[in-house]
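Have a look at the structure below, then the notes.
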Amino acid sequence: MGCSRELIAAVSILQLRHVSAAPWGPALLDDINISLEPGAILGLAGPNGAGKSSLLRLIAGDINSNGGELTLAGRPLSHWTPQQRALRLAFLPQMSLLSFPYTVEEVVLLGRTPHASGNETDRVILEQVLELTDTLDLRHRLYTQLSGGERQRTQLARVFTQIWGEDSLAGKLLLLDEPTSALDLAHQQQILSTVQLLARRGCAVVLAIHDLNLAASIADTVLVLDCGRQVALGSPQQVFTQSLFKEVFQVDVIVSSHPQQGFPLIIPQRSNL
């Protein structure tokens, strides 16, 4: 399980009740039901094309639902203006395209655009987030000249900056689509530790990670999707079973437990081919 939370009693940050989405004809999502409280981390799992990115884009407001109810902090998402939503919700898509020759520092400060917190506060937040994402040494580099992993850390710093604050982060929502892609092992651990830090301060997090061992190590709850439908929802221990991997992922695995922290460890079995 993820680390313990000091949760603040409040309305659910995010609720989806029987939500479906078919923005281009065929249904991408069908009958999704989740509720997310302040400080909780929800992991999304499923094979390629299962609907993980579509669900994140739906919550972010990039695509519309065509059924059910989606609320952010108790209000329908459609009732939030883009400005209001940007003050509460930050989204890292799987692909973050930027071809302008901005420095890393300039890219990260884009996360403060929705805020009117002032240059002094923004600079303090910038320094904190650059340190948390190990991008201090990159701050004056051009984004277009960075490696894939350096670009990913810069984009993570940008979304962290968007929801960062000196006080409690209760009421904030962070959406991450494959946040550890292109990162080496040390930076994967660093970024996940930062996500846990944000959660301890009250920020709710929804993230999709292909490495299900990483998902099991950080998520309080896991939602498994397959063909746009909700297959399982529960703790990693409840959800990650041999039968689920056989049914949803069509693979044989051994599910063990971490010897110290107790979260599931998924070990693929060698194919006979």
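Condition first: of a type in the set (A, V, I, L, M), at pLDDT 95 or above and part of a helix (DSSP H, G or I). Now tell me which residues in the range 84-109 satisfy that.
Filtering the range 84-109 down to residues of a type in the set (A, V, I, L, M) leaves 86-87, 89-90, 92, 95, 97-98, 104, 107-109.
If we keep only those that are at pLDDT 95 or above as well, we get 89-90, 92, 104, 107-109.
Within the range 84-109, 104, 107, 108, 109 meet the criteria.
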task: Would you mention how many residues in the range 243-261 are of a type in the set (Gly, Ala, Ser), loosely packed, with under 11 Cβ neighbours inside 10 Å and over 14 Å from residue 224 (Cβ atoms)?
output: 1
- prompt: Hey, does the range 75-85 have a residue that's charged (D, E, K, R), under 25 Å from residue 199 (Cβ atoms) and surrounded by 11 or more Cβ atoms within 10 Å (Cβ to Cβ)?
  reply: yes
Residue that is surrounded by the fewest Cβ atoms within 10 Å (Cβ to Cβ) [pool: residues in the range 104-139 that are farther than 14 Å from residue 155 by Cβ and β-branched (Val, Ile, Thr)]: 113
message: Residues that are in contact with an Asp or Glu (Cβ under 7 Å, 6 or more places away or on another chain), more than 19 Å from residue 114 (Cβ to Cβ) and in contact (Cβ under 8 Å) with a residue 24 or more places away in the chain: does the range 26-33 have at least one?
response: no
field: Among residues of the range 60-106, those that are in contact with a Lys or Arg (Cβ under 6 Å, 6 or more places away or on another chain) and over 23 Å from residue 170 (Cα atoms), counted
entry: 4
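Just give me the residues in the range 24-40 being out of contact with any Ser or Thr (no Cβ under 9 Å at 6 or more places or on another chain) and either part of a strand (DSSP E or B) or surrounded by fewer than 18 Cβ atoms within 10 Å (Cβ to Cβ) (or both), in sequence order. Lay out the reasoning, then the answer.
First pass over the range 24-40, keeping only residues out of contact with any Ser or Thr (no Cβ under 9 Å at 6 or more places or on another chain): 24-26, 33, 39.
Scanning the range 24-40 gives 24, 25, 26, 33.
Can you tell me which residue within the range 166-207, out of those that are charged (D, E, K, R) and in contact with a Leu (Cβ under 7 Å, 6 or more places away or on another chain), is surrounded by the most Cβ atoms within 10 Å (Cβ to Cβ)? Steps first, answer last, please.
Residues of the range 166-207 charged (D, E, K, R): 166-167, 172, 177-178, 184, 200-201.
So of that shortlist, the ones also in contact with a Leu (Cβ under 7 Å, 6 or more places away or on another chain) come out as 177, 201.
Working: 177: 22, 201: 20.
Checking each candidate, the answer is 177.
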- line: By residue number, the members of the range 209-231 that are among the aliphatic types (A, V, I, L, M) and either surrounded by fewer than 16 Cβ atoms within 10 Å (Cβ to Cβ) or within 20 Å of residue 176 (Cα to Cα) (or both) are 209, 212, 214, 215, 216, 218, 219, 222, 223, 224, 225
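Quick check on my filter: what residues within the range 41-83 are outside any strand (DSSP E or B) and among the polar types (S, T, N, Q)?
Taking the range 41-83 and keeping what is outside any strand (DSSP E or B), we get 46-66, 73-74, 77-83.
Of everything in the range 41-83, those that are outside any strand (DSSP E or B) and among the polar types (S, T, N, Q) turn out to be 48, 53, 54, 64, 65, 66, 78, 81, 83.
The values are calculated or read from the model by the stated rules, or taken from the named source; none is laboratory data. Keep in mind that what you see is a predicted model, and the values were worked out from it rather than measured. Backbone-built Cβ (ideal geometry, glycine too); neighbour counts: all protein chains shown.
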